[in-house]
Amino acid sequence: MSFASFNFPTKWLGSTLIVTLLAVSFPTIVTAKSKSEIAQTAKTLTVQINSNGNSPGGSGVIVARDGNTYTVITANHVVCDAIPRPGSVVCRQDIVYTVRTYTGQEYPLSLVEHFQQHPNDSDLAIVTFESSEEYPVAQLGNSEQAAIASDVYVAGFPAAFGKTGAQRDFTLTTGAVASLATNAINGYSLIYDARTKTGMSGGPVFNSEGQLLGIHGLGDTNIPQTGNLSDAQKSGFNAGIPINTFKQLCPKFEHCPTIQENEEKTRNSVEQPTTESTVTNLDNPQSARDYYKKGLSLQARGDYQQAIAQYTQALQLAPDRSTALSTFLNRGSAYLNLQNWQAAIDDYDQALKIDRNEATAYNERGEARQQLGDLEGAMSDYTQAINLDPNLSYAYNNRAFILNRQGDLARAKADLKKAAELLLAEGQRDQYQIVVNNIETVERNQRVQPETANSDPNLSLIQQWELNSVPCSDRAVSIFIDGKEYCTEPTDWLSLGKYKYIRNDDRLEPITKPPATSNSQTLAISPQFTFTSVWDYGNCLEDIIQLYLGVDQFKQRGRIGNCLADVFEIYQNQGLSQVQALELIRAADKYATSQLNPSLYPPQGQRRRINKMFGFTYQIDKTP
């Protein structure tokens, strides 16, 4: 799920560690094969991890026993309320954690060993508890053998329906492996579509034989790389740390369970024949589930058009309820990435017909509605998502985005504080910092709000442009509207200078324009574009806009893109006239819509700025 952002850069977490399989001396249970057997086994292996802090709780899995000492693997952020600061990961010392087993017994932790010492380390930890009771321990699988489209099962205790801490109920969700990432941060390289909620972090991910394949801990919180909601790239997936990563790291720590030879597994486990194939032949899909899994693999690679085609084929084959729900949700996510907002809304409508309690569908439908300008509908969806899942951090952030624009700064700040609290508890430090920055934006708006409480419609207009009003100075942007001066902070799209608002065209025009390069005002060279992504497209346009706004500030700022090297070489000392800049914008749009498949459009916020500055409207924004 993505954040409506005020200003944040970040990336999806993912990378796999290639390790040699080690046989660990963990006694193992009989391998379960059917879904019901896996559910029964998972329930006895999975534990709650609770605390006296603000966290709704996490999960873990029992992996070893030595006498009366049991060892549990979990995500580090479940047993580390990290102090938000740069540098090494430092956990609060005043938080007390306990383990609660399937029998309802609660045990204090006798030891916590944090594998994550620095922010980019794998998000793993082991904890131990003492008990004379007999508890089964998990059989470790080989995550290197996980195949794309193979079935996985994620177990844990979600904080759902108002239940937190020890009140949480055991849940097992099913899904399929979508990708094995190669550049993971925090070790989260096992990507799957199983739906999860807050509280399931640290819980086990099982394969179809009931073996422990990984540790769950990361939800879909892809963050846009600029301040525009439309820049968000949604994956539609969740992620776990492969168990082989644990096997590689564990011997480096003092309290790792003893590693022995492979025959240990044979002595302590009973193999059963596989009762059904759980790996799909993606080259020859037959069933609705097969086509759905093929769509997953394509979506994980960013091939949204082909993924949509496979999802559509799956829906035509009358899938079961669970597959149909997942298909509508993931196809909706693919449509969001293609900025086909109405198609996304239609799919989320269908998903909600299947399950009216699917909070994710409300949140993502809200994002699409917001893109279409339906702020009332978006606000309603975000609120419903929060009502269904009070731990949905990104829904709070998205709702705050609208509240901030509407001037309801107190409620916006409250929502952001809740989002920050949840993200910190989930161990998502980068996203936490992003929300903290959003809080600072709201607080700046609060400081100037008394000056703007006089119902001046021009101030409302400035707020719609997502600009922050400030006292006029040589460090502020001056905007003249109907002869009156208004001052704002400069942004990445509006540099220091003076501008006039052309109301009839609904655009801003620099009062001092850069000199024209010729009497004809036409470009001296034909532009040749090579970008293939929205990110590179947006960077190219930003360079064009900045060179139009002024040579000095363009040189001081420097280029952020790498397109049109020959054009910028010619005009970097002269600047671009409005006619020339518009010619480049039109040429880029023609290239992006006629030579690329699928067609690309700049982020919505950037399209809006171009419309205000140059009067150019993209096809995607034209009223049918």
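Below, the figures for the structure above:
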| quantity | calculated |
| --- | --- |
| Failed condition for Arg92, given (1) surrounded by 20 or more Cβ atoms within 10 Å (Cβ to Cβ); (2) modelled with pLDDT of 80 or more | (1) |
| Scope the range 124-151; condition at pLDDT 90 or above, in a loop (DSSP other than H, G, I, E, B) and of a type in the set (A, V, I, L, M, F, W, C); matching residues | Leu124, Val137, Ala138 |
| Any hit, the range 180-202, residues being without any contact (Cβ under 8 Å) to a residue 40 or more places away in the chain and assigned by the TED database to the domain that holds Ala125 | no |
| Of the criteria (1) part of a loop (DSSP other than H, G, I, E, B); (2) open to solvent by 20 Å² or more (accessible area, probe 1.4 Å); (3) out of contact with any helix residue (DSSP H, G or I) (no Cβ under 9 Å at 6 or more places or on another chain), which one Asp121 fails | (3) |
| Answer residue from the range 326-347, given it is part of a helix (DSSP H, G or I) and hydrophobic (A, V, I, L, M, F, W, C) and is farthest from Asp151 (Cα to Cα) among those | Trp341 |
| So Thr71, is it part of a loop (DSSP other than H, G, I, E, B) and either in contact with a Ser or Thr (Cβ under 6 Å, 6 or more places away or on another chain) or modelled with pLDDT of 95 or more (or both) | no |
| Test result for Asp66, open to solvent by 40 Å² or more (accessible area, probe 1.4 Å) and either in contact with a Cys (Cβ under 8 Å, 6 or more places away or on another chain) or under 24 Å from Glu421 (Cβ atoms) (or both) | no |
| Residues within the range 155-177 that are touching a residue at least 24 places away in the same chain (Cβ under 8 Å) and basic (Lys, Arg), tallied | 1 |
| Verdict on Asp536 being acidic (Asp, Glu) and either open to solvent by less than 70 Å² (accessible area, probe 1.4 Å) or outside any helix (DSSP H, G or I) (or both) | yes |
| Residue tally, condition part of a helix (DSSP H, G or I) and free of Cβ contacts under 8 Å to residues at least 40 places away in the same chain, over the range 609-620 | 1 |
| Residue satisfying all of: in the range 124-135; β-branched (Val, Ile, Thr) and crowded, with 24+ Cβ neighbours inside 10 Å; nearest to Leu218 (Cα to Cα) among these | Ile126 |
| Which listed residue is modelled with pLDDT of 90 or more and open to solvent by less than 30 Å² (accessible area, probe 1.4 Å), from Asn330, Asn337 | Asn330 |
| Condition met for Leu582 (in a helix (DSSP H, G or I) and surrounded by fewer than 21 Cβ atoms within 10 Å (Cβ to Cβ)) | yes |
| Within the range 29-63, considering residues that are buried (at least 20 other Cβ atoms within 10 Å of the Cβ) and assigned to a helix (DSSP H, G or I), the one nearest to the chain's Cα centre (by Cα) | Ala42 |
| Residues within the range 597-606 that are out of contact with any Ser or Thr (no Cβ under 7 Å at 6 or more places or on another chain) and either under 12 Å from Ile545 (Cα atoms) or open to solvent by 10 Å² or more (accessible area, probe 1.4 Å) (or both), tallied | 5 |
| Any chance Ala232 is at pLDDT below 90 and open to solvent by less than 30 Å² (accessible area, probe 1.4 Å) | yes |
| Verdict on Asp81 being in contact with a Cys (Cβ under 7 Å, 6 or more places away or on another chain) and either in contact (Cβ under 8 Å) with a residue 24 or more places away in the chain or among the acidic types (Asp, Glu) (or both) | yes |
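Yes/no per residue for (1) touching a strand residue (DSSP E or B) at 6+ places or on another chain (Cβ under 8 Å); (2) more than 30 Å from His118 (Cβ to Cβ); (3) assigned to a loop (DSSP other than H, G, I, E, B); (4) not assigned by the TED database to the domain that holds Leu315:
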{"residue": "Asp349", "(1), (2), (3), (4)": "no, yes, no, no"}
{"residue": "Tyr362", "(1), (2), (3), (4)": "no, yes, no, no"}
{"residue": "Ala368", "(1), (2), (3), (4)": "no, yes, no, no"}
{"residue": "Pro390", "(1), (2), (3), (4)": "no, yes, yes, no"}
{"residue": "Asn397", "(1), (2), (3), (4)": "no, no, no, no"}
{"residue": "Lys417", "(1), (2), (3), (4)": "no, no, no, no"}
{"residue": "Leu423", "(1), (2), (3), (4)": "no, no, no, no"}
{"residue": "Ile434", "(1), (2), (3), (4)": "no, no, no, no"}
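The values are calculated or read from the model by the stated rules, or taken from the named source; none is laboratory data. Just so we're clear, the structure is a prediction, and the values are computed from it rather than from any experiment. Quick reminder, even Gly has a Cβ in these numbers, built from the backbone with ideal geometry, and neighbours come from all protein chains shown. Areas reflect the complete protein model, heavy atoms only, side chains present, ligands, DNA and RNA absent. Shrake-Rupley method; radii C 1.70, N 1.55, O 1.52, S 1.80 Å.
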